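Reading through the structure tokens given below for one structure.
The values are calculated or read from the model by the stated rules, or taken from the named source; none is laboratory data. Predicted model only: the values in this text are computed from it and were never measured. Note: ideal-geometry Cβ built from the backbone for every residue, glycine included; neighbour counts use all protein chains shown. Accessible surface is based on the protein model in full, side chains and every heavy atom, while ligands, DNA and RNA are left aside. Shrake-Rupley method; radii C 1.70, N 1.55, O 1.52, S 1.80 Å.
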Amino acid sequence: MALSLVILAAGEASALDAGAPGATGDEPVALRDILKSIARAGVPLIYSTETVPPELKAHVPPPELPLDERLKWLLAPFGLEARPLPNGAYVIVPASHKLGQLAVTVTLERSGRIEPLPGASVSLIGANRDATSDASGHVEFADLIPGRYQVEAQYHGLRSVQRNVQLAASAGAQVELRLASVPALLEEIRIEGTRVDAGAGLGRFAAREMLESNPTTSNDAARTLQLVPGAAVAGYTAKTHVRGSRDDETLFRYDGLTLIDPYHLEALQSLNSALDPAVIDTATAWTSTPPVQFGGRIGAVVDLEPRAVMAPIADAQLSNRDINLTAGTPFAAAQGTVLASMRMANDSSPARWLETDTLTPNFRDYLLRTTWRFGPRARLSAGVLGIDDQLDTLTNERAPLDQRARLVSHERYVWLRWWQALTDCLRSETLVSAERSNDQAFGRVVVPSVEAGYLARNDRHSAVTIREELTFQPAVNWSWLVGAERTGATVEEVLLSKATFQPPFAPGLQPLAPLSTDEAAAIRAVARSWYSAVQWQRGGRSMVDLGFRRDDRQFSMLAAPDAYWSASARVRQQLSGSTVLRFGWGRTTQASVLELVQGADGAIRPSAARLLTQVDVGLDSALGPHWLLRTDVYHKRERSPFSGSEDVFTPFALLPEIAAGTVAVNSTSARMSGVEVQLKSDPLLPLSGWLSYARSRAEDRIAGQWVPRSWDQPNAVQIGTRWWSGPWQVTGLFSWHTGWPSTPLQVSRAVWTDPRAVTLGLAARNSVRTASPASLDIRISWDHSMRRGLVQVALEINDLTNSKTICCHSYGVAQRSDGSSQILDTPGYWLGFAPKLSFRWRM
């Protein structure tokens with residue numbers, strides 16, 4: 001081959017002028033012509049015909065870029081670079097630096113399964129590189145200069161997905177872009193935080209990046225629910241009341257595994273959950289009628305998709321409250337992956353604000369998950385999750401008050417999950433899991449002139465679950481799901497308590513003085529479920545999902561099993577290009593085999609089933625190119641009786657079983673209804689935000705009257721904003737809601753000498769309301785790219801205004817100088833100003 005040297009001198013004529021209008025068109029042109037136009041502007045260029053052959057084509061760089069950036073734009077995709085010479089000219093030669101490669105896998109999530117997506121358009125935004133995924137969903141970009149890239153996947157009819165990738169020199173990177181198999185409704189806007197779920201309803205969708213950057217979620221996936229309109233949250237806690245439901249009525253799943261009770265430090269307001277966003281990709285929440293396969297809870301559903309390991313992961317975070325370590329890597333040519341995470345925390349700072357006597361509350365959790373692909377039609381995931389808590393309390397510093405207690409909790413999960421494509425239209429999913437839990441609480445309390453007692457409690461249970469699901473999809477517009485699940489459990493509980501309440505605290509507050517309980521129970525139980533759902537869609541505009549479910553349970557201490565039917569119907573209809581109507585109806589059941597309760601007779605027995613019927617209607621409307629308005633109306637009716645207990649004085653009772661304010665709650669039914677309105681802007685904008693308002697009621701039927709639940713908040717407002725520019729990001733959330741109901745203590749006489757002359761009693765249940773609380777949460781972060789990885793410094797402040805909202809009351813007897821006595825009321829407050837400074841490195 002003949003080789004010639006080309007010298008483009010300043011002023012050489014060319015048909016293309018890089019500075020002329022229209023020079024940055026979408027059609028690629030010959031690289032030589034672009035180089036000639038640059039030389040015409042006064043820059044001599046030297047290259048060989050072998051280095052720059054005539055077949056090379058490129059897009060014209062933006063004329064506003066500096067010369068060096070324009071040359072890099074043009075030459076880097078071909079492995080070339082322009083070296084400056086002393087006389088001001090440039091010579092174009094092969095790049096001296098080492099280039100990298102980027103492997104992209106495009107997948108499709110449909111009906112709960114993930115499969116490769118061929119024919120998707122993949123682009124490196126700003127790098128003039130485009131490709132189409134092959135039959136395995138793969139695309140490879142070679143000869144990339146090191147740096148940060150934004151890769152985008154598009155497929156007709158689906159919402160596009162973008163990811164940022166850091167590419168190191170002479171190294172490769174892998175990334176998965178997962179598209180959802182739903183029509184791209186409201187195409188003229190891009191709204192992060194919503195997606196159409198696998199059925200006909202609209203689930204609320206949150207990516208890992210959003211959970212990590214929002215001050216309200218506090219880097220906790222369980223707090224996803226706290227971003228929905230009208231969520232009722234008691235101060236700084238991971239537990240949430242959704243649409244009036246109890247905080248134990250939310251179902252959490254991770255990798256298909258049902259997490260029984262994923263909260264840390266339940267005796268201290270459940271400050272955190274065990275769900276670290278670092279190990280998930282997305283969280284999808286259903287606050288309305290959920291898909292029928294998510295059975296067992298009647299409040300809400302949060303389904304957590306595990307983090308895909310497409311390239312080596314390293315993530316370390318250190319703050320004044322916790323340490324997080326996460327690592328993962330693919331192996332065996334990406335046929336297998338492994339992901340590991342560990343988190344340790346000592347929440348002594350917020351704990352002391354909540355309860356000044358609390359010492360050394362700490363927790364840790366860890367996760368290990370691995371996957372393996374058996375060709376294109378089968379894959380396996382396996383994992384282990386551990387949760388450990390300890391809380392010690394010592395109050396002898398406030399003599400004569402003396403309280404000592406220790407609460408210890410250990411919980412372990414192990415699981416195997418197997419996916420297989422049996423045929424092109426039939427797929428199966430199998431889950432085998434085991435869970436073991438051991439909770440212990442023991443301590444004593446002495447409050448002079450009020451009470452003295454001790455408690456020892458030990459709860460243990462273990463469960464093994466097998467679940468099988470088959471999905472049959474003979475056509476693209478309809479599918480059929482059938483599933484079955486069986487759980488075998490052993491539950492043991494030992495309770496020993498004794499309390500003596502001195503006058504006047506005994507009358508009206510406890511049935512007996514002294515109160516003594518000595519009970520033990522050990523049962524075996526089996527729960528079985530069968531469910532089926534049919535989903536049909538028409539042209540991407542209509543979708544219908546009908547489901548039925550049957551649950552039954554059998555206890556060793558009961559003669560006959562109890563069985564319950566559930567059903568759901570969900571419809572979505574696109575009314576226009578910018579409006580979608582949603583409808584849902586469901587009858588759901590919560591019947592646990594792991595929960596034991598103590599009855600009025602003191603005996604420990606299985607909890608009764610809870611039955612709920614709900615109806616919800618929603619409307620989504622696009623307002624211009626960057627705004628989405630979402631409106632929901634719902635009504636829920638709980639038609640089963642409920643028996644439980646509640647401390648009307650404080651949620652932080654050291655030993656709630658023997659606390660003075662613990663009263664029985666017996667309702668015959670309940671009702672919850674509300675209207676939710678949310679306006680959101682496109683979060684991809686440098687400045688975005690959201691506004692929501694909820695009007696709701698939550699009431700129990702007690703003794704023939706409707707009584708507001710203790711978390712009833714008729715009005716709730718959230719205003720959020722997010723701004724980002726370069727390495728900086730600021731997120732803020734303002735929250736306000738109507739004060740919660742409370743039950744005050746009534747005293748017959750303000751001052752007394754003889755304690756038998758005064759009586760104490762409780763006013764009507766939840767007859768007064770606390771002041772309406774408002775709070776402002778803010779998070780500021782700064783990112784800095786390093787040679788290896790990215791460093792982030794973040795300051796997160798909960799309740800910046802440090803609002804003093806009363807949460808509780810502790811009562812004692814104060815002795816006056818004249819020998820008389822009076823009630824001493826010491827109010828407590830929810831956690832206020834709580835700063836968190838964190839340093840994070842990730843790769």
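Note the full-extension length gain between residue 774 and residue 608 as 0.36 nm times their separation in residues minus their Cα-Cα distance, in nm to one decimal.
56.1 nm is the gain from fully extending residue 774 to residue 608.
How many angstrom separate the Cα center of the range 698-716 from the Cα center of the range 745-766?
When both Cα centres are located, 26 Å separates them.
Name the residues of the range 808-833 whose amide N is less than 20 Å from a point 7 angstrom out from the Cα of residue 751 along the C-beta direction?
812-826
Consider the candidate values [x] 30.0, 100; [y] 31.1, 116; [z] 29.8, 111; state which one is Rg and Dmax of the Cα atoms in Å computed from the structure displayed.
Of the listed options [x] 30.0, 100; [y] 31.1, 116; [z] 29.8, 111, [y] comes from this structure.
Would you work out the relative contact order for the range 420-477, in percent, from Cα pairs under 8 angstrom that are 6 or more residues apart? Could the numbers behind the result be given before it?
Details: 88 pairs, mean separation 26.1, N = 58.
This gives 45 percent for the range 420-477.
What is the angle, in °, between the Cα long axis of helix 31-40 and the longest principal axis of the Cα atoms in the chain? Nearest 10 is fine, range 0 to 90.
80
Does the range 628-683 classify as rounded, prolate or oblate by the C-alpha gyration tensor (a ≥ b ≥ c root eigenvalues; a/c under 1.5 gives rounded; else a/b over b/c gives prolate, otherwise oblate)?
Taking the square roots of the gyration eigenvalues as a ≥ b ≥ c, the range 628-683 is oblate.
Suppose the chain between residue 521 and residue 248 were pulled fully straight at 0.36 nm per residue; how much longer would it get relative to their current alpha carbon spacing?
The span from residue 521 to residue 248 would gain 96.1 nm if fully extended.
For the chain, what is the mean residue ellipticity at 222 nm derived from helices alone (per DSSP H run of n ≥ 4: -39500 (n - 2.57); sum divided by total residues; nearest 500 deg cm²/dmol)?
-1000 deg cm²/dmol
Starting from the Cα of residue 142, move 7 Å in the Cα-to-Cβ direction to define the label point; list residues of the range 68-84 whose amide nitrogen is under 13 Å from there.
78-79
If R₀ is 41 angstrom, what is the calculated FRET efficiency for the pair residue 839 and residue 134, using the beta carbon separation as r and rounding to 0.05?
After rounding, the FRET efficiency stands at 0.50.
Under 18 Å between alpha carbons, and skipping anything fewer than 8 positions from residue 57 in its own chain: which lysines qualify?
36, 72
Restricting to Cα pairs below 8 Å that are 6+ residues apart, what does the relative contact order work out to for the chain? Please round to a whole percent.
Reported as a whole number, the value is 8 percent.
Heavy atoms only, probe 1.4 Å: what % of the accessible area of the chain goes to carbon and sulfur, would you let me know? Mind dumping the intermediate values first?
On the way: 21110 of 36320 Å².
On the chain, the fraction of accessible area on carbon and sulfur atoms equals 58 percent.
Could you tell me what % of all Cα pairs in the range 455-586 have separations over 18 Å? The partial results should precede the final answer.
Details: 6268 of 8646 pairs.
Counting every Cα pair in the range 455-586, those more than 18 Å apart make up 72 percent.
If I model a spin label at residue 410 and residue 57 as a point 7 Å from the Cα along the Cα→Cβ vector, what separation in nanometres do I get?
6.7
Taking R0 as 41 Å, what's the FRET efficiency between residue 434 and residue 723 from their Cβ-Cβ distance, rounded to 0.05?
Using R0 = 41 Å, I get an efficiency of 0.35.
Mind listing the phi-derived Karplus ³J(HN,Hα) values for the range 478-493, rounded to whole Hz, using 6.51, -1.76 and 1.60 with θ = phi - 60°, and x for any glycine or proline?
3J(HN,Hα) across the range 478-493, in whole Hz: 8, 8, 9, 10, 10, x, 9, 9, 9, 10, x, 9, 10, 10, 10, 9.
List the residues, sorted by chain then number, that are 5 or more residues from residue 129 or on another chain and whose placed amide H is less than 5 Å from its amide H.
The answer is 124.
Using C-alpha positions alone, give me the convex hull volume of the range 205-337 per residue in cubic angstrom.
Normalising the Cα hull of the range 205-337 by residue number yields 120 Å³.
List the lysines whose Cα sits under 26 Å from the Cα of residue 239, skipping any in the same chain fewer than 8 residues away.
Within the straight-line limit of under 26 Å, residue 239 reaches these lysines: 636, 680, 804, 836.
For the range 499-596, what does the relative contact order come out to in percent, with C-alpha contacts under 8 Å and a separation of six or more?
20
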